[in-house]
Amino acid sequence: MCDPRSLTEVRRKDRQVEDDAFIRSLLHRAPMGIMATVRGGQPFINSNMFVFDEAEHVIYMHSARTGRTASNVEAEDAVCFSVTEMGRLLPSERAFNMSVEYNGVVVFGRARLVEDPLEKRWMLDLLVRKYFPHLAPGDDYRLPNDDELKLTAVYRIVIDEWSGKQKKVEDDFPGAFRYGEHGAARGSSTTRDE
């Protein structure tokens, strides 16, 4: 049965962020994004570097020309894209109430492979400027040649809808701390008693 709510409706209204400036800001600063596709009922996610082009209201990311992302997008262009930031962990006297601060954005849209070499070059330039702003083309690196462009798949995600979500508590929340401040995570090395 299909859920009649909008794709972007947030269940917890107290965490919903309807401010488009918040959403745009997080899409600009988030270092990694996750794109979800589906094909034949099999879900698939791809974590990747990306750039948000605010003027065009699209997200660009690149990947290999072959593989699951390419075949999934070719078969079905509907995608979901997400970014998140983790804040402080929030301890409680009950495990049930332990939580975390966060900022998150979910985007619903349509992806397509960019074929135009000029658009690909422009997107790759945006990507390099986002992640390597201290480097200059021609001085610190060589721009991609035509053969390299042919080997790179650039995806353009046209944004249809988006939503923002945030959980933030007071600065003096008792015991709040950042992940990793109290040593390494222990969960992966423990075993459960049968």
Show me the strands (runs of 3 or more DSSP E) found entirely inside the stretch 35-145 where at least 1 residues are among the acidic types (Asp, Glu) and under 15 Å from the mean Cα position of the chain (by Cα).
50-53, 78-90
Count, please, the residues in the stretch 127-139 that happen to be open to solvent by 90 Å² or more (accessible area, probe 1.4 Å) and farther than 22 Å from Val58 by Cα.
2
Mind listing whichever residues of the stretch 107-126 are open to solvent by less than 90 Å² (accessible area, probe 1.4 Å) and either in contact with a Gly (Cβ under 8 Å, 6 or more places away or on another chain) or free of Cβ contacts under 8 Å to residues at least 24 places away in the same chain (or both)?
Asp116, Asp125
If you scan the stretch 127-145, which residues turn out to be among the aliphatic types (A, V, I, L, M) and in contact (Cβ under 8 Å) with a residue 40 or more places away in the chain?
Leu127
Given the options Met98, Met32, Met61, name the one that is open to solvent by 70 Å² or more (accessible area, probe 1.4 Å), among the aliphatic types (A, V, I, L, M) and in contact (Cβ under 8 Å) with a residue 12 or more places away in the chain.
Met32
Of these, Glu93, Glu85, Glu9, Glu74, which one is in contact with a strand residue (DSSP E or B) (Cβ under 6 Å, 6 or more places away or on another chain) and open to solvent by 40 Å² or more (accessible area, probe 1.4 Å)?
Glu85
Quick one: count up the residues across the stretch 20-51 that are in contact with a helix residue (DSSP H, G or I) (Cβ under 7 Å, 6 or more places away or on another chain), among the β-branched types (Val, Ile, Thr) and over 11 Å from Val79 (Cβ atoms).
1
Could you run through the stretch 141-183 and say how many residues are open to solvent by 90 Å² or more (accessible area, probe 1.4 Å) and over 19 Å from Ala64 (Cα atoms)?
10
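The values are calculated or read from the model by the stated rules, or taken from the named source; none is laboratory data. No experiment lies behind these values; they were computed from the predicted model shown. Ideal geometry is used to build each Cβ from the backbone, glycine not excepted, and the neighbour counts take in all protein chains shown. For accessibility, only protein heavy atoms count, side chains too; no ligands or nucleic acids. Shrake-Rupley method; radii C 1.70, N 1.55, O 1.52, S 1.80 Å.
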